[in-house]
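A.B. asks: Sharing a structure here in structure tokens format.
The values are calculated or read from the model by the stated rules, or taken from the named source; none is laboratory data. In this text the structure is predicted, and so the values were computed from the model without any measurement. When we count neighbours, we look across all protein chains shown, and the Cβ atoms used for this are built from the backbone with ideal geometry, even at glycine.
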Amino acid sequence: MQADYFFKKKRNTLSFLSILGAVTILAIIITEYNVIKGFSSLPKAVEWGLMNFYPTQESLTKLPAILDKLIETLLVSIAATTTGAVVALLFAILGSNTTRVNAFFGSISRGIATIFRNIDVAAWAMILLFSFGQSSLTGYFALFFGSFGFLTRAFVETIDEVSGGSVEALQATGAGYFSIIFQSVIPSSLPQMISWILFMIETNIRSATLIGLLTGSGIGFTFNLYYKSLNYDVASLVVVVIIAAILFIESVSNYVRRAVL
Amino acid sequence: MEANEQLTSAKQLLDPHLQKKIRIKTLTKSSVVIRSTLIILALLTVYAFFSFDYKQLDVGEAALSTFANLKAMFLEPHLEHFTFTHALYQVFVTLGLAFLTTLFGAIIAVFLGLLAAENLTNKRVSTVIKGFVAFIRAVPTVLWVLIFAVAAGLGSVAAVIGMTFHSVSYLVKAYSESFEELDKGVIEALQASGANWWQIIFHAVIPSSLTYLISWTFLRFEINFAVAIAMGAAAGAGGIGFDMFMASSFYLDIREIGAITYFVLAIAILLEMAAIRFKKKLKVNGQ
């Protein structure tokens, strides 16, 4: 019996590892990934980075312009997250199993959120680029759609987790639908929701850089401009500024999280 | 006489001037922070809308044309510049990029995660690794890929290595947190019986957190699929993302983007459903 157990365990591990190995080899072939080049490029990249990729004295003159673009990107990310969160709250209340009006609207609102979530922000940016051009609104709407989809899923889970019992209790006392939502569901899930919103802002700032690269606006475009023109010292300054901004936002949101949860 | 007295006291109670309002909500630190966070976010949002760079854009007209584009995209998708099999193959290339990234990321992250868990090493090592990982996470993935592209050239090598950086930092955070959840008594008992560090890792730490590790890794695979599409578009990493970028920027063919979006959507939803089923199964087995 005991030997059998260990034999089975060993066999399961072995078959899992061989499947993993086969898929890895398949993936290496299909993506034309060069394993040797992968290992050898790592020290090369570090060497290149130490030689070229640091801000110099003269690149600091570009700092005001870079900061200007950074603030624009931060504002776009925050605006997209908060407006996305408002719409997501509405859809989450309609989509959650505890607070939905009926099963039909519930599955419709969750289905819409699933579609929006699974189209990547980069895809949204390319679609919106056709009509909104190189304005801030392209990035705003791309981030808005992505945030809306993600936050709806997060909010639905929060509502289900937090307010299952209290909704039932309030229904038993004869409270109306809206008073249940506003007096119980929203207040009790608000701390969790704020934590999700802050997480989304952090994610959106990173995505905004990517969208900027694709659509030609914000800090991503600034990076691309200097990167493509081989001005690596200024490009590295942009990276430093982005790191500083993201670490700052992360520490603020960690503080808020500790205070509210 | 007594009844009269009672009546006056009842009147006093009902008198609005004498009535003292009972405070239901108390002002705690958490409610102050919640309120101020919401107010600051709202103010920043309003300010953002005023400061946007609209570039003389007619918002209503642009929104209408976006609706028309979306309608064309989703209702009349077609493939013109490449065939169905080519698109399907490119989807698998993207999946392959995501798989390799997740695999490399997971292997590195398990070791770093063990070193970053406070209960397995000392506090100093843990703080150093966590700080290092937070720094890596702060740089957006696309910048990692582009930085590596200078040394390795544009292509799958730069994409996989650049994306691995972010996967490592994400997974180290997730893994080390699940390692830290392990009961302190288990480690102590094994140490007392004379087990060395590796024995503790392989017989207690990893088996007890395996379900968490698997579900975090699968979640990262889902994220990496989306990231791989974006990297294909922004950093020339190949795969379906590059085709999407070509359809958008060179052929300007909204219907082709629609067809590619359907491909991506199908895979993403399949992955999400697989993840949900996977988690349910793990939960049943774990309990």
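Quick grid of which residues meet (1) among the basic types (Lys, Arg); (2) under 29 Å from the mean Cα position of the chain (by Cα); (3) within 8 Å of another protein chain (Cβ to nearest Cβ):
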{"position": "A:Tyr5", "(1), (2), (3)": "no, no, no"}
{"position": "A:Lys9", "(1), (2), (3)": "yes, no, no"}
{"position": "A:Ile25", "(1), (2), (3)": "no, no, no"}
{"position": "A:Ser40", "(1), (2), (3)": "no, no, no"}
{"position": "A:Lys44", "(1), (2), (3)": "yes, no, yes"}
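A.B. asks: So which residues in region B:118-165 are aromatic (Phe, Trp, Tyr) and under 19 Å from A:Thr209 (Cα atoms), if there are any at all?
C.D. replies: Hits for region B:118-165 are B:Phe135, B:Trp144, B:Phe148, B:Phe165.
A.B. asks: How about region B:247-279: which of its residues are surrounded by fewer than 22 Cβ atoms within 10 Å (Cβ to Cβ), part of a helix (DSSP H, G or I) and touching a His at 6+ places or on another chain (Cβ under 7 Å)?
C.D. replies: B:Arg255
A.B. asks: So which residues in region B:142-171 are at the interface with chain A (Cβ under 7 Å from one of its Cβ atoms), farther than 16 Å from A:Asn52 by Cβ and in contact (Cβ under 8 Å) with a residue 12 or more places away in the chain?
C.D. replies: B:Val142, B:Ser156, B:Val160, B:Ile161
A.B. asks: Report, by residue number, each residue of region A:128-151 that is among the polar types (S, T, N, Q) and in contact (Cβ under 8 Å) with a residue 40 or more places away in the chain. First the steps, then the outcome.
C.D. replies: Here is the first cut: in region A:128-151, the ones among the polar types (S, T, N, Q) are A:131, A:134-136, A:138, A:147.
Residues satisfying the conditions are A:Gln134, A:Ser135, A:Ser136, A:Thr138, A:Ser147.
A.B. asks: Kindly list, by first and then second residue, each pair from a residue in region B:60-85 that is on the phi > 0 side of the Ramachandran plot to a residue that is exposed (fewer than 11 other Cβ atoms within 10 Å of the Cβ) and at pLDDT 80 or above, limited to pairs with Cβ atoms under 8 Å and residues at least 6 apart or on different chains.
C.D. replies: none
A.B. asks: Separate question: For B:Leu219, state whether it is in a helix (DSSP H, G or I) and not acidic (Asp, Glu).
C.D. replies: yes
A.B. asks: If you don't mind, there's one more thing I want to ask. Criterion first (in a helix (DSSP H, G or I) and either over 22 Å from B:Ile39 (Cα atoms) or within 13 Å of chain B (Cβ to nearest Cβ) (or both)) does A:Ala169 satisfy it?
C.D. replies: Here the answer is yes, as A:Ala169 does meet what is asked.
A.B. asks: If you don't mind, another one. Give me the residue from region A:241-258 that is within 17 Å of A:Glu72 (Cβ to Cβ) and touching a residue at least 24 places away in the same chain (Cβ under 8 Å) and, out of that set, nearest to the other protein chains (Cβ to nearest Cβ).
C.D. replies: Step by step, filter region A:241-258, then rank; the result is A:Ile246.
A.B. asks: Tell me the residue from A:Phe178, A:Phe199, A:Phe155, A:Phe221 that is assigned to a helix (DSSP H, G or I), closer than 19 Å to B:Ala230 by Cα and more than 11 Å from every other protein chain (Cβ to nearest Cβ), please. Spell out how you get there, then give the answer.
C.D. replies: Details: A:Phe178 fails: closer than 19 Å to B:Ala230 by Cα; A:Phe199 fails: closer than 19 Å to B:Ala230 by Cα; A:Phe155 fails: closer than 19 Å to B:Ala230 by Cα.
Unique residue meeting the criteria: A:Phe221.
A.B. asks: I want to confirm something. Restricting to region B:167-207 and keeping residues that are of a type in the set (Gly, Ala, Ser) and buried (at least 16 other Cβ atoms within 10 Å of the Cβ), which single residue is nearest to B:Thr102 (Cα to Cα)?
C.D. replies: This residue is B:Ser167.
A.B. asks: Still on this structure, I have one more. If you scan region A:29-38, which residues turn out to be in a helix (DSSP H, G or I), within 7 Å of chain B (Cβ to nearest Cβ) and under 10 Å from B:Val157 (Cα atoms)?
C.D. replies: Across region A:29-38, the qualifying residues are A:Lys37, A:Gly38.
A.B. asks: Next up: Go through region A:56-103 and give me each residue that's assigned to a helix (DSSP H, G or I) and basic (Lys, Arg). Break it down into steps so the answer makes sense when it comes.
C.D. replies: Of all residues in region A:56-103, those assigned to a helix (DSSP H, G or I) come to A:58-95, A:103.
Answer for region A:56-103, where residues must be assigned to a helix (DSSP H, G or I) and basic (Lys, Arg): A:Lys62, A:Lys69.
A.B. asks: Of the residues in region A:159-193, how many are closer than 11 Å to A:Thr99 by Cα and among the aromatic types (Phe, Trp, Tyr)?
C.D. replies: Of the residues in that region, 2 qualify.
A.B. asks: Which of the residues spanning region A:227-240 are touching a residue at least 12 places away in the same chain (Cβ under 8 Å), surrounded by 18 or more Cβ atoms within 10 Å (Cβ to Cβ) and within 11 Å of chain B (Cβ to nearest Cβ)?
C.D. replies: Those that are touching a residue at least 12 places away in the same chain (Cβ under 8 Å), surrounded by 18 or more Cβ atoms within 10 Å (Cβ to Cβ) and within 11 Å of chain B (Cβ to nearest Cβ): A:Tyr232, A:Ala235, A:Ser236, A:Val238, A:Val239.
A quick yes/no check of all residues on (1) closer than 22 Å to A:Phe148 by Cα; (2) out of contact with any Cys (no Cβ under 7 Å at 6 or more places or on another chain); (3) of a type outside the set (S, T, N, Q):
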| position | (1), (2), (3) |
| --- | --- |
| A:Ser207 | yes, yes, no |
| A:Thr222 | no, yes, no |
| A:Lys228 | no, yes, yes |
| A:Asp233 | no, yes, yes |
| A:Val239 | no, yes, yes |
| A:Ala245 | no, yes, yes |
| A:Val252 | no, yes, yes |
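A.B. asks: Related question: What number goes with the only condition from (1) of a type outside the set (Asp, Glu); (2) touching a Phe, Trp or Tyr at 6+ places or on another chain (Cβ under 8 Å); (3) buried (at least 19 other Cβ atoms within 10 Å of the Cβ); (4) more than 30 Å from A:Ile30 (Cα to Cα) that B:Asn119 does not pass?
C.D. replies: Result: B:Asn119 passes all but (3).
A.B. asks: A follow-up question, please. Of all residues in region B:62-104 being in a loop (DSSP other than H, G, I, E, B) and of a type in the set (D, E, K, R), which is farthest from A:Phe116 (Cα to Cα)?
C.D. replies: B:Glu80
A.B. asks: Which residue is nearest to the other protein chains (Cβ to nearest Cβ), if the candidates are limited to region B:101-123 and must be without any contact (Cβ under 8 Å) to a residue 24 or more places away in the chain and within 17 Å of B:Trp197 (Cβ to Cβ)?
C.D. replies: Here the answer is B:Phe111.
A.B. asks: Mind telling me which of the residues B:Ala68, B:Ala48, B:Ala98, B:Ala62 ends up being more than 7 Å from every other protein chain (Cβ to nearest Cβ) and surrounded by 15 or more Cβ atoms within 10 Å (Cβ to Cβ)? Spell out the reasoning first.
C.D. replies: On the way: B:Ala68 fails: surrounded by 15 or more Cβ atoms within 10 Å (Cβ to Cβ); B:Ala48 fails: more than 7 Å from every other protein chain (Cβ to nearest Cβ); B:Ala62 fails: more than 7 Å from every other protein chain (Cβ to nearest Cβ).
One residue alone meets the criteria, B:Ala98.
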